[in-house]
Amino acid sequence: MTVEERYHFKNIEPKWQQKWEEENIYCTPDSSDRPKYYCLEMFPYPSGKLHMGHVRNYSIGDVVARFKTMQGYDVLHPMGWDAFGLPAENAAIKHGIHPADWTWDNIENMKSQLKQLGLSYDWRREVATCHPDYYRWTQWIFLKLYERGKCYKKTASVNWCPSCATVLANEQVVDGACERCDTKVEQRQLEQWFFRITDYAQRLLDDLELLSGWPEKVRVMQENWIGRSEGAEVKFKVTGTDEELEVFTTRPDTIFGVTYMVLAPEHPLVETLTAGTEYEKDVADFVKKVRNMSELARTTAEKEGVFTGAHCINPLSGERIPILVGNYVLLEYGTGAVMGVPAHDQRDFEFATKYKLPIRPVIQPEGRVLQAEELKEAYTGEGVLINSGEFNGMSNKEAIKAITRKLEGNNQGRAKVNFRLRDWLISRQRYWGTPIPIIYCKKCGAVPVPEDQLPVVLPTDVDFDPSGKSPLVDNPDFVNTTCPKCGGEAKRETDTMDTFIDSSWYFLRYTSPRETKGPWDKEAADRWMTVDQYIGGVEHAILHLLYSRFFTKFFHDLGLINNREPFKNLLTQGMVLKDGAKMSKSKGNVVSPEEIIDKYGADTARLFILFAAPPERDLEWSDRAVEGCNRFLNRVWRLYYSLLDEIKDAPPVQNAAKLVGVHRELRRITHQTIKKVSEDIEKRFNFNTAISAIMELVNAVYTYRDKVPQAERNSSVLREALESAVLLLAPFAPHITEELWQALGYRESVHRQAWPNYDEAALVENEVTIVVQINGKVRDRVLLPADTGVEDMKKYVMEQPKVRQLISGKEVIKVIAVPGKLVNVVVK
RNA sequence: GCCGAAGUGGCGGAAUUGGCAGACGCACUGGACUCAAAAUCCAGCGGGGCUCACCCCCCGUGUGGGUUCGACUCCCACCUUCGGCACCA
């Protein structure tokens, strides 16, 4: 095969893409003796067009997959579509296109764009969550959760997005607004489906320790989101009734400092305690006012409260304590009621000061006497108990245990762990999602659809209401059915599932994507899981990653898989910026991947995006730098073109040890580059420095070609350098390297070659430059044999005329020598 | 407010274990090639001083201190930017 004089990516790229597809070179075999490696990038929502964030995500993953393949691993590298979701439905309402058509068209379009990038996916394993063969198993998983009591329906105050016309999970509310459309979220009382993720709170927290391959940042975010706190639940008897008021506190040691109690406005006792009293109206007005506030307004409002007229009894001191209702107490956390200890909690302090409630210190810091009147803020530190009866003098740390024990003994309380994490609200009042497989029967109530009747197919013949109301609600063919239990008339659930459910198990489906007997084949799942490397945006740090971990644990408990965690190593890539801001239509700073690929080719686009910054960091787009990468590929091409005849029939390097001078040096650079590129990819994912090392190798070959006359060149060394450069560059720029590889005379794909190994002996330098410092400042450099010992180095350096001159008349205090590096002379 | 990450030339970034700061690339400047341009190639490119040829010297990794023979790297304090959490009792 001959090589053209100029690099025409427009011919080369489609040619190889087609060849690779014909020969199925990226298809993962069903069985193999090689060790497995599962490389996964977060699958995209099929919005219609690829953006630069996708290009970055998938370029990173492709380098990893190709590198691991060349290293001899059996690599699973699949791609698919997170294909349910609101934009499809909005397109239907706006443009009259059916969500299914819209979605499948987009998938087709994006798939061809992905193919143009030359990504090494096994397309036979493609999945789309909106396909009945997929969501059938999403429904199956729902039924398993239902069966095991991990799925339930309840009426609760939920987040409602008026623009999306649906409820949202807690995780989908950001700063009181819908994470999708930024509309202010309202609170509504609705009956909704939940998954009991809170049952897994402790395990989700504990197993973060297994995830040493995750960024610390993501682990901390999950830890905060789960929000474990240890404390106690304490019962206070309400005076004059049989009622008991229960509170959760992390500070049972301050119980003698309680001077009031506060209930959440939604707390059931509020009505009970005030009914028929003179306080009823004031309290009801207050509750109404607070309830009408949005969550955001409520959390930013100043603390307010009103007295209910009721009192309760401190279980340890017997003291009578007033009960208030407060806007800052949340019903959903703990028991929906808190004890007020103004001396030792800043919020309580502010509240008590505002309403002139008493403040009583019960913890005394060492060496200081706390006087209630003098306090300017709550004392939240450690100390010794005072004003606390039998516990006086005890350290507060001990008192936490002692008081909890005492309460437990009296049946007035118990140790308790609370989590910030709430159950996952999974139902959505929208059409384009997985139907919830539940049937409501007048006689039997909510009945799960039997497994053999799955999937509950989403009907496609539906009309869309501009209000966003789900077309399922008014679709009699879908809604009306018979009860699986009694055969009587019944109605289907019309809510669909949160799309995060679809994406919480797709990584398992890839292991056996056409399995019909279950969501996946256990043997296949056990062979491939866990995902060795997961790559995606940090915006999924909580939602998707937490839900997937929850599902994995649930599947593990059911014996469906052996692994406990889905993703062993996680790489969170940074954003692609233009002019310092995230690319967005509204800012008008979008660079389209299509244009770039058309102008420079996929190899250039990939190379730039990997070269411009390390993957975790944000990347600033630069058209000029893209041109630079294109220039580099042209430079590589020209180098091959000019040397191809010379190296075509060159044998492998023999008697490497006997090489000298420039030939030895070129070989050293070749092997040093192999080492550096291998380590940069493997250990650090620093593709930018790997690429710069390849550039240096190419520069070195240029220098060799231009400085050494042709007759004197060592064609074997030259060939080794050029061949290595192609192999090292192959994961980054798959098309050009394939073309050059074949030009070297090989028939088999470069992507099926073994990753090059470096020869340790070739790395050894005979002579090294030693830096000479005087008092830590570089003053000279000397060339010494690489194996020169410490004493010889010192001796040699001290004899240098320049050194003698610089230290003359000064006292040499000591001389430090680091072999291969430097000599530092310390003088006074 | 709390937690975390980062701060290095005109720009993106490098320095992996405390040992030559600025690799590689972009931009820029000068030169070669050309009738000319593009492309390509060569050289220069942190700031300042001194020579103004070579050399040499001083300063320099957000700021101020410290440890060390030696600090972009370790420690303390502070400033700035970005990200996350934020009545969670």
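So here's what we get for this one:
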read-out: Filtered residue count, the range A:393-423, keeping only those that are part of a strand (DSSP E or B) and surrounded by fewer than 24 Cβ atoms within 10 Å (Cβ to Cβ); value: 7
read-out: Evaluation of A:ARG368 against (1) closer than 23 Å to A:GLU295 by Cα; (2) assigned to a loop (DSSP other than H, G, I, E, B) (one fails), failing number; value: (1)
read-out: Contacts under 7 angstrom Cβ, first residue in the range A:243-257 being closer than 11 Å to A:VAL362 by Cα, partner within 10 Å of RNA strand B (Cβ to nearest atom), 6 or more apart; value: A:THR254/A:VAL341; A:THR254/A:HIS344; A:ILE255/A:VAL234; A:GLY257/A:VAL341; A:GLY257/A:HIS344
read-out: Cross-chain or 6+ apart pairs with Cβ under 7 Å, the range A:139-152 first and closer than 22 Å to A:ARG422 by Cβ and assigned by TED's automatic domain parsing to the domain that holds A:ALA446, then aromatic (Phe, Trp, Tyr) and part of a helix (DSSP H, G or I); value: A:LEU145/A:PHE554; A:LYS150/A:PHE554; A:CYS151/A:PHE142
read-out: Qualifying residue in the range A:89-109 (condition: in contact with a strand residue (DSSP E or B) (Cβ under 9 Å, 6 or more places away or on another chain), in contact (Cβ under 8 Å) with a residue 40 or more places away in the chain, more than 27 Å from A:THR604 (Cβ to Cβ) and assigned to a loop (DSSP other than H, G, I, E, B)); value: no
read-out: Top-ranked residue of the range A:267-286 - restricted to ones that are within 15 Å of RNA strand B (Cβ to nearest atom) and surrounded by 19 or more Cβ atoms within 10 Å (Cβ to Cβ), ranked as nearest to A:TRP160 (Cα to Cα); value: A:HIS267
read-out: A:GLN753, sole failed condition from (1) at pLDDT below 95; (2) more than 14 Å from RNA strand B (Cβ to nearest atom); value: (1)
read-out: Matching residues, the range A:695-724, being aliphatic (A, V, I, L, M) and in contact with a Phe, Trp or Tyr (Cβ under 9 Å, 6 or more places away or on another chain); value: A:MET695, A:VAL698, A:VAL717, A:LEU718, A:ALA721, A:LEU722
read-out: Residue list for the range A:45-58, filter: assigned to a loop (DSSP other than H, G, I, E, B), of a type outside the set (Ser, Thr, Tyr) and out of contact with any strand residue (DSSP E or B) (no Cβ under 7 Å at 6 or more places or on another chain); value: A:GLY48, A:LYS49, A:LEU50, A:HIS51
read-out: Given (1) within 11 Å of RNA strand B (Cβ to nearest atom); (2) within 28 Å of A:PRO315 (Cα to Cα); (3) modelled with pLDDT under 90, number of the condition A:GLY240 does not satisfy; value: (1)
read-out: Residues within the range A:70-88 that are touching a strand residue (DSSP E or B) at 6+ places or on another chain (Cβ under 6 Å) and among the acidic types (Asp, Glu), tallied; value: 1
read-out: Subset of the range A:208-237 [under 29 Å from A:GLY336 (Cβ atoms) and of a type in the set (D, E, K, R)]; value: A:GLU223, A:ARG228, A:GLU230, A:GLU233, A:LYS235, A:LYS237
read-out: Qualifying residue in the range A:704-724 (condition: surrounded by fewer than 20 Cβ atoms within 10 Å (Cβ to Cβ) and closer than 28 Å to A:LEU570 by Cα); value: no
read-out: Subset of the range A:211-222 [without any contact (Cβ under 8 Å) to a residue 60 or more places away in the chain and near RNA strand B (Cβ under 9 Å from one of its atoms)]; value: A:GLU216, A:VAL220
read-out: Among residues of the range A:454-468, those that are surrounded by 14 or more Cβ atoms within 10 Å (Cβ to Cβ) and more than 26 Å from A:TRP137 (Cα to Cα), counted; value: 3
read-out: Of all residues in the range A:606-624 being under 17 Å from A:ILE694 (Cα atoms) and hydrophobic (A, V, I, L, M, F, W, C), the one that is surrounded by the fewest Cβ atoms within 10 Å (Cβ to Cβ); value: A:ALA613
read-out: The range A:115-134: number of residues that are buried (at least 19 other Cβ atoms within 10 Å of the Cβ) and in a helix (DSSP H, G or I); value: 3
read-out: Positions within the range A:439-474 being within 23 Å of A:GLY518 (Cα to Cα), assigned to a strand (DSSP E or B) and without any contact (Cβ under 8 Å) to a residue 60 or more places away in the chain, in sequence order; value: A:ILE439, A:VAL447
read-out: Boolean, A:ARG549 is crowded, with 18+ Cβ neighbours inside 10 Å, farther than 29 Å from A:PHE685 by Cα and not hydroxyl-bearing (Ser, Thr, Tyr); value: no
read-out: Some residue of the range A:671-689 being in contact (Cβ under 8 Å) with a residue 60 or more places away in the chain, of a type in the set (A, V, I, L, M), more than 10 Å from RNA strand B (Cβ to nearest atom) and buried (at least 21 other Cβ atoms within 10 Å of the Cβ); value: yes
read-out: The range A:396-433, residues that are among the small types (Gly, Ala, Ser) and touching a strand residue (DSSP E or B) at 6+ places or on another chain (Cβ under 6 Å); value: A:ALA399, A:GLY413, A:ALA415, A:SER427, A:GLY433
read-out: Qualifying residue in the range A:754-775 (condition: free of Cβ contacts under 8 Å to residues at least 40 places away in the same chain, touching a helix residue (DSSP H, G or I) at 6+ places or on another chain (Cβ under 6 Å) and not polar (S, T, N, Q)); value: no
read-out: Residue among A:ASP618, A:ASP579, A:ASP557, A:ASP623 that is modelled with pLDDT of 95 or more and of a type in the set (Asp, Glu); value: A:ASP557
read-out: Some residue of the range A:198-207 being within 16 Å of RNA strand B (Cβ to nearest atom), closer than 30 Å to A:PRO342 by Cα, surrounded by 14 or more Cβ atoms within 10 Å (Cβ to Cβ) and of a type outside the set (A, V, I, L, M); value: no
read-out: Candidate set: the range A:514-546, residues that are surrounded by fewer than 21 Cβ atoms within 10 Å (Cβ to Cβ), more than 20 Å from A:ILE141 (Cα to Cα) and within 16 Å of RNA strand B (Cβ to nearest atom); chosen: the one modelled with the highest pLDDT; value: A:GLY537
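One line per residue, one yes/no per condition, for (1) within 7 Å of RNA strand B (Cβ to nearest atom); (2) touching a helix residue (DSSP H, G or I) at 6+ places or on another chain (Cβ under 6 Å); (3) free of Cβ contacts under 8 Å to residues at least 24 places away in the same chain:
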site	(1), (2), (3)
A:ALA301	yes, no, no
A:HIS311	no, no, no
A:VAL325	no, yes, no
A:TYR328	yes, no, no
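A quick yes/no check of all residues on (1) more than 19 Å from A:TYR328 (Cβ to Cβ); (2) acidic (Asp, Glu); (3) in the same structural domain as A:ARG684 (by TED's automatic domain parsing):
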{"site": "A:LEU204", "(1), (2), (3)": "yes, no, no"}
{"site": "A:GLU244", "(1), (2), (3)": "yes, yes, no"}
{"site": "A:THR259", "(1), (2), (3)": "no, no, no"}
{"site": "A:LYS281", "(1), (2), (3)": "yes, no, no"}
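The values are calculated or read from the model by the stated rules, or taken from the named source; none is laboratory data. Keep in mind that this is a model prediction, so the values were computed, not measured. Counting neighbours? That spans all protein chains shown, and the Cβs are built from the backbone with ideal geometry, glycine included.
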